[in-house]
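Below is one structure; the comments refer to it alone.
The values are calculated or read from the model by the stated rules, or taken from the named source; none is laboratory data. Every value quoted in this text rests on a predicted model; they were computed, and no experiment measured them. Virtual Cβ from ideal backbone geometry, glycine too; neighbours counted across all protein chains shown.
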Amino acid sequence: MKHTLIIDGEPLELELSYSGTQVEAEISGRKYALDAIAVETGVYWLNWNNRSIEVAVTADKAGYTVSLNGQRFSIEVVDPRTALRRAAQGGYDGAFELRAPMPGKVVKVLVAENAHVETNQGILVIEAMKMQNELKSPKKGVVRRLAVKEAAAVNAGDVLAIVE
Amino acid sequence: MSGGRRSSMFKKILIANRGEIAVRVIRACREMGIGTVAVYSEADRGALHVRMADEVYEIGPAPSRESYLVIEKILAAATRSKADAIHPGYGFLSENAAFARACADEGITFIGPSPESIALMGSKIEARRAVAKYGVQSVPGTLDPVSSDAEARSVAASVGYPIMLKASGGGGGKGLRFVSSSEELESALRNTRSEALAAFGDDAIYIEKFIEKPRHIEVQVLADRHGNVIFAGERECTIQRRHQKVIEECPSPVVDEELRSRMGEAALKVVKAAGYYNAGTVEFLVNPERHFYFLEMNTRLQVEHPVTEMVTGLDLVKLQIRVAAGEKLPLRQEELVMRGAAIECRIYAEDPDNNFFPSPGKILLLRPPAGPGIREDSGVYSGWTVPIDYDPLISKLVAWGNTRLEAISRMQRALSEYCIEGIQSNLALFQEILAHAEFRNADFDTGFIDRLLKARNGASTFTGTDRDLAAIASVLFNSQRPAVTGDTPQNVESAWKLDARRRGLRNL
């Protein structure tokens with residue numbers, strides 16, 4: 001079966017079939033045959049060309065976080081059309097809601113409403129646990145709304161700005 | 001040993017703390033057959049230290065100033081539970097003289113030094129004045145705030161540039177200014193004064209010589225109430241980020257027997273100056289010429305105490321409890337043996353890709369390492385949500401080896417076994433530090449991590465294969481295949497249905 005993934009913002013096509021624990025996969029012409037066993041919830045042990053590899057998969061709001069060999073990948077399994085659209089918009093389609101990662105205080109607003117922003121451009125700075133953290137736009141677009149002002153107290157999950 | 005005083009040992013100890021240090025104290029109590037009482041805030045319902053204690057008392061909302069810092073609530077829990085002593089851990093009320101005094105007033109033993117020692121060592125200037133009487137040198141500078149610019153100029157000239165201007169009421173890295181030459185002094189004085197006035201309501205500042213390429217080395221001391229004092233080696237705490245320790249070692253790779261005994265003697269003089277008993281730590285700055293300067297005394301158990309325990313074989317928490325119960329120290333200085341080397345990594349819930357911002361949240365998967373030479377002092381478990389309200393330290397990983405390099409290899413091996421998912425952690429940073437030539441050669445100063453982070457390029461080092469295998473695993477997980485998960489088919493919904501439902505949720 002064919003699957004479309006967004007891995008760290010980039011689309012990836014994956015053909016995968018299995019029988020028992022035997023998995024066969026193909027990614028851009030690269031073929032993989034491996035043995036895969038779920039050894040713990042969310043932990044897969046892979047035997048790939050006699051290499052022993054452990055992969056941990058956890059689900060979060062954005063999709064999956066996948067760790068192996070000390071590296072982390074952010075992966076979403078999506079339908080192909082969504083993948084194309086998102087790839088064109090730096091991983092996010094439609095309006096992106098910038099949310100507060102934790103309770104804190106807005107110490108600086110770096111852009112004005114309706115400003116054009118580039119991918120990774122800072123939108124505002126919040127302070128929490130005595131540390132300042134610049135929140136960036138994950139996509140190129142226009143700041144449609146700034147929901148907070150400088151010195152505002154925010155709670156985790158509050159929408160701070162919308163980039164479209 | 002002092003078996004004769006056994007009868008006065010505590011029956012029940014309340015731990016006025018949370019997280020890994022509360023767990024650490026509970027473990028010591030359990031080994032000694034002493035009952036344990038945990039206090040906890042609303043955010044810590046179900047926390048590990050609460051699960052492990054014999055008795056538990058909820059003491060209020062999540063913010064520590066409404067729970068862990070409220071003396072009356074802690075004393076009320078101690079009275080209700082009939083605890084005969086309180087261990088304060090570190091942080092929170094551990095260096096609060098008023099708390100120590102309030103415990104005494106209630107007839108409860110505070111496991112730590114006297115309120116007077118806490119108060120004396122808690123004031124930077126008073127502490128320096130007190131140790132100076134015993135001939136212990138602090139960083140050259142003024143003991144009193146400078147009264148005029150002219151005085152500042154003459155003091156700066158006498159200690160020699162570069163200097164640091166420090167706000168008397170300062171702390172946490174605020175109200176500090178580096179001055180490299182006399183030309184900069186005037187404007188620096190003006191700026192520091194106004195900053196100090198704004199931040200602390202007091203524009204008093206004092207002057208200190210700036211120590212170049214400093215190392216931060218501290219001496220563990222133990223004193224009983226019968227006049228016996230020992231120092232239990234030193235700890236190297238130079239690897240810091242934002243004035244916070246990240247990696248600690250025992251012994252310090254730059255301290256030899258000669259320097260150790262000089263620092264130990266100085267530490268014992270500080271103990272005398274403070275009239276100190278129980279466990280404490282004397283912090284020094286050491287320059288490349290091996291001159292050391294008294295920085296401050298921490299009048300409590302240190303976060304990094306396990307490295308000392310691994311190398312000396314002492315159990316510092318048990319010794320704290322025994323000394324507090326009136327027992328004599330069970331060993332003399334010459335009986336202390338240091339063996340091998342230990343390293344500690346402080347595992348924080350923080351995001352290395354986002355300026356090490358705290359990353360609280362639910363731990364979805366936790367597999368701590370084990371095996372030869374490894375000790376882990378953790379305060380969390382798989383399924384626990386690390387609260388946003390407290391310090392993001394989740395665990396301390398300690399490795400012991402016959403040599404420093406063996407301890408490093410064991411730590412590297414342990415870190416490679418360590419698996420934390422669901423939250424971000426600084427695990428990967430430790431691998432970078434431990435593999436770094438400056439660290440391995442012990443050739444570092446307090447600026448090491450800042451330089452390392454600056455030199456680090458953002459490009460990740462993953463291979464295409466790792467990325468492909470990650471993609472394969474995510475599809476396997478997404479499909480929830482019965483053959484792979486081991487679930488019975490009737491418990492498993494169609495992958496299509498699950499996928500459709502998830503997408504539906506995402507669009508809400």
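Condition (residue is assigned by TED's automatic domain parsing to the domain that holds A:Glu54, at pLDDT 80 or above and hydrophobic (A, V, I, L, M, F, W, C)) applied to the range A:80-88: is it met by at least one residue?
Scanning the range A:80-88 turns up no residue that is assigned by TED's automatic domain parsing to the domain that holds A:Glu54, at pLDDT 80 or above and hydrophobic (A, V, I, L, M, F, W, C).
Could you go through the range B:1-20 and let me know if any residue there is at pLDDT below 95, under 28 Å from B:Leu331 (Cα atoms) and among the hydrophobic types (A, V, I, L, M, F, W, C).
Yes: one or more hits.
What residue, among those in the range B:159-186 that are of a type in the set (Ser, Thr, Tyr) and modelled with pLDDT of 90 or more, is surrounded by the most Cβ atoms within 10 Å (Cβ to Cβ)?
If we take residues in the range B:159-186 being of a type in the set (Ser, Thr, Tyr) and modelled with pLDDT of 90 or more, then B:Tyr161 is surrounded by the most Cβ atoms within 10 Å (Cβ to Cβ).
Hey, could you check the range A:131-156 for residues that are within 14 Å of chain B (Cβ to nearest Cβ) and surrounded by fewer than 14 Cβ atoms within 10 Å (Cβ to Cβ) and say which is modelled with the highest pLDDT?
A:Ala153
Taking B:Val37, is it under 18 Å from B:Ala22 (Cα atoms), over 20 Å from the mean Cα position of the chain (by Cα), at pLDDT 95 or above and surrounded by fewer than 20 Cβ atoms within 10 Å (Cβ to Cβ)?
Considered against the rule, which asks whether it is under 18 Å from B:Ala22 (Cα atoms), over 20 Å from the mean Cα position of the chain (by Cα), at pLDDT 95 or above and surrounded by fewer than 20 Cβ atoms within 10 Å (Cβ to Cβ), B:Val37 comes out as no.
So if I check each of B:Arg241, B:Arg193, B:Arg235, B:Arg260, which one is outside the structural domain of B:Ile321 (by TED's automatic domain parsing), buried (at least 17 other Cβ atoms within 10 Å of the Cβ) and not aliphatic (A, V, I, L, M)?
Going through B:Arg241, B:Arg193, B:Arg235, B:Arg260 in turn, just one is outside the structural domain of B:Ile321 (by TED's automatic domain parsing), buried (at least 17 other Cβ atoms within 10 Å of the Cβ) and not aliphatic (A, V, I, L, M): B:Arg193.
Return yes or no: is B:Glu334 over 28 Å from B:Ile108 (Cβ atoms), without any contact (Cβ under 8 Å) to a residue 12 or more places away in the chain and assigned to a loop (DSSP other than H, G, I, E, B)?
Judged against the criteria, B:Glu334 is not a match.
Does A:Asp60 fit the bill of being surrounded by fewer than 18 Cβ atoms within 10 Å (Cβ to Cβ), more than 20 Å from A:Pro80 (Cα to Cα), of a type in the set (Asp, Glu) and more than 7 Å from every other protein chain (Cβ to nearest Cβ)?
yes
Restricting attention to the range B:128-151, does a residue exist that is under 25 Å from the mean Cα position of the chain (by Cα), surrounded by 15 or more Cβ atoms within 10 Å (Cβ to Cβ), without any contact (Cβ under 8 Å) to a residue 24 or more places away in the chain and not assigned by TED's automatic domain parsing to the domain that holds B:Leu285?
No, every residue in the range B:128-151 fails to be under 25 Å from the mean Cα position of the chain (by Cα), surrounded by 15 or more Cβ atoms within 10 Å (Cβ to Cβ), without any contact (Cβ under 8 Å) to a residue 24 or more places away in the chain and not assigned by TED's automatic domain parsing to the domain that holds B:Leu285.
Picking from B:Glu296, B:Glu218, which residue would you name as being assigned to a strand (DSSP E or B) and modelled with pLDDT of 95 or more?
Selected residue: B:Glu218, the only one of B:Glu296, B:Glu218 that is assigned to a strand (DSSP E or B) and modelled with pLDDT of 95 or more.
Return the only residue of B:Val282, B:Val323, B:Val317 being within 29 Å of B:Gly227 (Cβ to Cβ) and out of contact with any helix residue (DSSP H, G or I) (no Cβ under 6 Å at 6 or more places or on another chain).
Unique residue meeting the criteria: B:Val323.
Kindly list, by first and then second residue, each pair from a residue in the range A:1-21 that is within 7 Å of chain B (Cβ to nearest Cβ) to a residue that is surrounded by fewer than 17 Cβ atoms within 10 Å (Cβ to Cβ) and among the β-branched types (Val, Ile, Thr), limited to pairs with Cβ atoms under 9 Å and residues at least 6 apart or on different chains.
Partner pairs satisfying both residue conditions: A:Thr21/A:Ile37.
Being modelled with pLDDT under 85 and within 14 Å of chain A (Cβ to nearest Cβ) narrows it down to one residue among B:Arg502, B:Arg456, B:Arg413; which is it?
Of B:Arg502, B:Arg456, B:Arg413, the one residue that is modelled with pLDDT under 85 and within 14 Å of chain A (Cβ to nearest Cβ) is B:Arg502.
Read through the list (1) part of a strand (DSSP E or B); (2) within 20 Å of B:Gln424 (Cα to Cα); (3) of a type outside the set (Phe, Trp, Tyr), then give the number of the only condition that A:Pro101 fails.
(1)
I'd like to check which helices (runs of 4 or more DSSP H) are fully inside the range B:61-143 and have at least 1 residues that are in contact with a Ser or Thr (Cβ under 6 Å, 6 or more places away or on another chain).
Qualifying helices (runs of 4 or more DSSP H): B:115-122, B:124-132.
Out of the residues in the range A:26-36 that are within 7 Å of another protein chain (Cβ to nearest Cβ) and of a type outside the set (Ser, Thr, Tyr), which is nearest to A:Lys2 (Cα to Cα)?
Checked the range A:26-36; the qualifying residue nearest to A:Lys2 (Cα to Cα) is A:Ile27.
Scanning the range A:109-130 for residues that are in contact with a Gly (Cβ under 9 Å, 6 or more places away or on another chain) and assigned to a strand (DSSP E or B), which turns out farthest from the other protein chains (Cβ to nearest Cβ)?
A:His116
Among the residues of the range B:223-232 satisfying the criterion of being of a type outside the set (S, T, N, Q) and out of contact with any helix residue (DSSP H, G or I) (no Cβ under 6 Å at 6 or more places or on another chain), which is surrounded by the fewest Cβ atoms within 10 Å (Cβ to Cβ)?
Selected residue: B:Gly227.
Hey, among the residues in the range A:63-74 that are surrounded by 18 or more Cβ atoms within 10 Å (Cβ to Cβ) and in contact (Cβ under 8 Å) with a residue 12 or more places away in the chain, which one's farthest from the other protein chains (Cβ to nearest Cβ)?
Checking each candidate, the answer is A:Gly63.
Here is a check on your reading of the model: is A:Ile126 of a type in the set (Val, Ile, Thr) and at pLDDT below 90?
yes
So that you can scan it fast, the table gives a plain yes or no per residue for (1) under 21 Å from B:Lys362 (Cβ atoms); (2) touching a residue at least 60 places away in the same chain (Cβ under 8 Å); (3) aliphatic (A, V, I, L, M):
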{"position": "B:Val380", "(1), (2), (3)": "yes, yes, yes"}
{"position": "B:Asp391", "(1), (2), (3)": "yes, yes, no"}
{"position": "B:Trp400", "(1), (2), (3)": "no, yes, no"}
{"position": "B:Arg404", "(1), (2), (3)": "no, yes, no"}
{"position": "B:Met411", "(1), (2), (3)": "no, yes, yes"}
{"position": "B:Leu415", "(1), (2), (3)": "no, yes, yes"}
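Here are B:Ala435, B:Ala407, B:Ala473: which of them is away from chain A (no Cβ under 14 Å), out of contact with any Asp or Glu (no Cβ under 6 Å at 6 or more places or on another chain) and modelled with pLDDT of 85 or more?
Result of the check over B:Ala435, B:Ala407, B:Ala473: B:Ala407.
Among the numbered conditions (1) under 14 Å from B:Val475 (Cα atoms); (2) more than 10 Å from chain B (Cβ to nearest Cβ), tell me where A:Asn47 comes up short.
Result: A:Asn47 passes all but (1).
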